[in-house]
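Q: Below: one structure in structure tokens.
The values are calculated or read from the model by the stated rules, or taken from the named source; none is laboratory data. In this text the structure is predicted, and so the values were computed from the model without any measurement. Virtual Cβ from ideal backbone geometry, glycine too; neighbours counted across all protein chains shown. To get the accessible areas, we keep the full protein, side chains included, count just its heavy atoms, and leave off ligands, DNA and RNA. Shrake-Rupley method; radii C 1.70, N 1.55, O 1.52, S 1.80 Å.
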Number of protein chains: 2
Amino acid sequence: MARVQRDGGDDSAPTTELPAVRDQDPSAVSEPVTGSVNGRKVPMATDKARAIPEAAVARLAVYLRVLSGMAEQGAVTVSSEELATAAGVNSAKLRKDLSYIGTYGTRGVGYEVDVLTSEIERVLGLTGQQKVAVVGIGNLGHALANYGGFPGRGFPVEALFDVDPDLIGIPVGGLPVNHIDDIPDICAKRKIAIGVIATPPTAAQAVCDRLVDGGVHCVLNFAPVVLQVPEHVEVRKVDLAIELQILSFHVARNAEQRASRRAAAARASSNGEVV
Amino acid sequence: MARVQRDGGDDSAPTTELPAVRDQDPSAVSEPVTGSVNGRKVPMATDKARAIPEAAVARLAVYLRVLSGMAEQGAVTVSSEELATAAGVNSAKLRKDLSYIGTYGTRGVGYEVDVLTSEIERVLGLTGQQKVAVVGIGNLGHALANYGGFPGRGFPVEALFDVDPDLIGIPVGGLPVNHIDDIPDICAKRKIAIGVIATPPTAAQAVCDRLVDGGVHCVLNFAPVVLQVPEHVEVRKVDLAIELQILSFHVARNAEQRASRRAAAARASSNGEVV
DNA sequence: AGCCGCTTGTGAATGCGTGCACAAAATCCG
DNA sequence: CGGATTTTGTGCACGCATTCACAAGCGGCT
């Protein structure tokens, strides 16, 4: 039970992945907080949330987006098959994912788009607003701050930070930049829920520590470093370099496959797979 | 055997990739190219590359970065334990990951930093340069193009694209912007290996199709859509909204836990781990 | 030279996630 | 009203990934 192996968010996707974060994950790593007390099977998903696998959570967010697109096109109900192909996953997996949050489908018919949407939103905690702080107003931070409402609504950016004295006080995207020394105070005062780190790698750990001091429990890290955080803090990382390197690996692998396929051209013709 | 379930990159992530990455992240989804012909178990890593799990590849990239940091600080050798904690993973997992690429450690001593570095680089295909094209020169695309050499070296940005007529021809980060209709030609001509999609979601699929037409096999997608691609194309996605929603889920989950913990106050107080 | 301590590399076990296949349920139609 | 049809929800099995635990190997010390 004392497995407090700090293991980052990722996967990184899987996670993750993932995402990749992974991914943080890769892969994601769901905490082994199984069992505990209740073995109930109530359709209500009140405190069943903790049982949802990390990978499924990531996909739920995808379903949510696909659903919103469908709603815009006037769809009222959707089958698992439709939704699955639109989201790029197996329909069985989709149904299993949905079963984690309750049974909101109608057999023989499918799911009501709006019901499913609001249920997923509820589970993901999107009913309220999660206040976001962006630290590091460079190229990326600037872009993030200018998103304004941030991807979709529900994640208002409510604080900006940087070290550069020339930036302090300057409004970016309608919000003044504060000094990073004020992170703990301001985050605590404004009840910031999510900290986004867009600083150079050297500053990231210090910034992260200050965010944690400010009571921030969730961090989205764009800096190419592995952050060390106390166990109760959740870190997801988005790492451009790593994503590129993973792709690079696939380029290399494909090149190799092609080479060896050229070499060992006609062999093992037993499998007439056409793919 | 005919499990050609297209399943996008990553979970992630995490990731797993995703992880996330992956999955993404987990995360990640390694292609089920098992069995087939060879069931060999040769320790040589020549064509064993395909056997490296996706999640491990993501971590290798992390190790690589940690190693370069250590090299800068003058470290010559490093033990699996050191490297593992610095990378935020279990040491056994690290050793297993490294074992996928060969045996380059010395028992009782550890790994030589430079040897390990170059071996990982080799496996990840970082010995050569992977040319990158960025499509969509908005806020994000601008930031990406201005990275210049792109995170670390090895990924030169060699083409930029957008639809906006006002942008065509304008140099961004020292490179002129081309029209997206020219994607296939230019990508083929310049041998672009990786396409980065930083367009609005509505344009992403069309852009992706053009990239594929141009012979690009690897895509890094920042647009919040699920891309449909032929099987030979590898897609990694970096999705801000989804990352935030995953974090949001954790906020909600923690709040719930705290609530129920407050209710069922004193129970299981065991773990005093300090990390 | 031989022993001792340290660290790697890996076989084996466990756990998690995925996908299949089918029973249960709900609608539609004759 | 009952059966046919459709689609959900899930038990089960399989495979991958993670972790443990230990033998094998290497350097240093006496």
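Q: Among (1) of a type in the set (S, T, N, Q); (2) open to solvent by less than 20 Å² (accessible area, probe 1.4 Å); (3) at pLDDT 50 or above, there is one condition B:Gln73 misses while meeting the rest; what is its number?
A: Among (1) of a type in the set (S, T, N, Q); (2) open to solvent by less than 20 Å² (accessible area, probe 1.4 Å); (3) at pLDDT 50 or above, B:Gln73 violates only (2).
Q: Would you pick out the residues in segment B:97-115 that are part of a helix (DSSP H, G or I) and near DNA strand C (Cβ under 9 Å from one of its atoms)?
A: The first filter runs over segment B:97-115 and keeps only residues part of a helix (DSSP H, G or I), leaving B:97-101, B:113-115.
Selection gives B:Asp97, B:Leu98, B:Ser99, B:Tyr100.
Q: Taking the condition of being in contact with an Asp or Glu (Cβ under 7 Å, 6 or more places away or on another chain) and either within 11 Å of another protein chain (Cβ to nearest Cβ) or under 15 Å from A:Ala58 (Cα atoms) (or both), how many residues in segment A:97-120 meet it? Spell out the reasoning first.
A: Taking segment A:97-120 first, the residues in contact with an Asp or Glu (Cβ under 7 Å, 6 or more places away or on another chain) are A:101-102, A:104.
Narrowing further to those that are either within 11 Å of another protein chain (Cβ to nearest Cβ) or under 15 Å from A:Ala58 (Cα atoms) (or both): A:101.
Qualifying residue count, segment A:97-120: 1.
Q: How many residues does segment A:79-96 hold that are in a helix (DSSP H, G or I), of a type in the set (S, T, N, Q) and more than 25 Å from B:Arg236 (Cβ to Cβ)?
A: Quick first cut of segment A:79-96, residues in a helix (DSSP H, G or I) only: A:80-87, A:91-96.
Narrowing the set further to residues that are of a type in the set (S, T, N, Q) leaves A:80, A:85, A:91.
With more than 25 Å from B:Arg236 (Cβ to Cβ) added as a condition, the list becomes A:80.
Result for segment A:79-96: 1.
Q: Filter segment A:77-91 for residues that are more than 12 Å from DNA strand C (Cβ to nearest atom) and open to solvent by 60 Å² or more (accessible area, probe 1.4 Å); which is nearest to the other protein chains (Cβ to nearest Cβ)?
A: Filtering first and then ranking leaves A:Thr85.
Q: Inside segment B:129-144, can you point out the residues that are within 18 Å of A:Glu243 (Cβ to Cβ) and surrounded by fewer than 19 Cβ atoms within 10 Å (Cβ to Cβ)? So that I can check it myself, show each step before the final result.
A: Residues of segment B:129-144 within 18 Å of A:Glu243 (Cβ to Cβ): B:129-136, B:140-141, B:143-144.
Passing the criteria: B:Gln129, B:Lys131.
Q: Related question: Has segment A:128-146 got any residue that is closer than 28 Å to B:Val229 by Cβ, more than 20 Å from the chain's Cα centre (by Cα) and either not aromatic (Phe, Trp, Tyr) or not in a loop (DSSP other than H, G, I, E, B) (or both)?
A: Looking only at segment A:128-146, we keep the residues that are closer than 28 Å to B:Val229 by Cβ, and these are A:140, A:143-144.
Next cut, more than 20 Å from the chain's Cα centre (by Cα) only: none.
Checked segment A:128-146: no residue is closer than 28 Å to B:Val229 by Cβ, more than 20 Å from the chain's Cα centre (by Cα) and either not aromatic (Phe, Trp, Tyr) or not in a loop (DSSP other than H, G, I, E, B) (or both).
Q: Provide a single number: the residues in segment A:68-83 that are more than 7 Å from DNA strand D (Cβ to nearest atom) and among the polar types (S, T, N, Q).
A: Here the count works out to 3.
Q: Return yes when A:Tyr104 is farther than 25 Å from B:Lys237 by Cα, within 13 Å of DNA strand D (Cβ to nearest atom) and aromatic (Phe, Trp, Tyr) and no when it is not.
A: Working: farther than 25 Å from B:Lys237 by Cα: yes; within 13 Å of DNA strand D (Cβ to nearest atom): yes; aromatic (Phe, Trp, Tyr): yes.
Yes.
Q: Let me ask another. Filter segment A:39-69 down to residues that are among the charged types (D, E, K, R) and surrounded by fewer than 17 Cβ atoms within 10 Å (Cβ to Cβ) and give me whichever is modelled with the highest pLDDT. Talk me through it step by step, then tell me what you get.
A: Restricting attention to segment A:39-69, the residues satisfying the condition of being among the charged types (D, E, K, R) are A:40-41, A:47-48, A:50, A:54, A:59, A:65.
From the residues that got through so far, the ones that are surrounded by fewer than 17 Cβ atoms within 10 Å (Cβ to Cβ) too are A:40-41, A:50.
On the way: A:Arg40: 31, A:Lys41: 32, A:Arg50: 59.
Restricting to residues being among the charged types (D, E, K, R) and surrounded by fewer than 17 Cβ atoms within 10 Å (Cβ to Cβ), the top hit is A:Arg50.
Q: Suppose we filter segment A:151-175 for residues that are assigned to a loop (DSSP other than H, G, I, E, B) and open to solvent by less than 10 Å² (accessible area, probe 1.4 Å); how many remain?
A: Qualifying residue count for the region: 1.
Q: Given the conditions (1) within 14 Å of DNA strand C (Cβ to nearest atom); (2) within 11 Å of chain B (Cβ to nearest Cβ); (3) farther than 30 Å from A:Pro201 by Cβ; (4) of a type outside the set (Gly, Ala, Ser), which single one is not true for A:Leu94?
A: (2)
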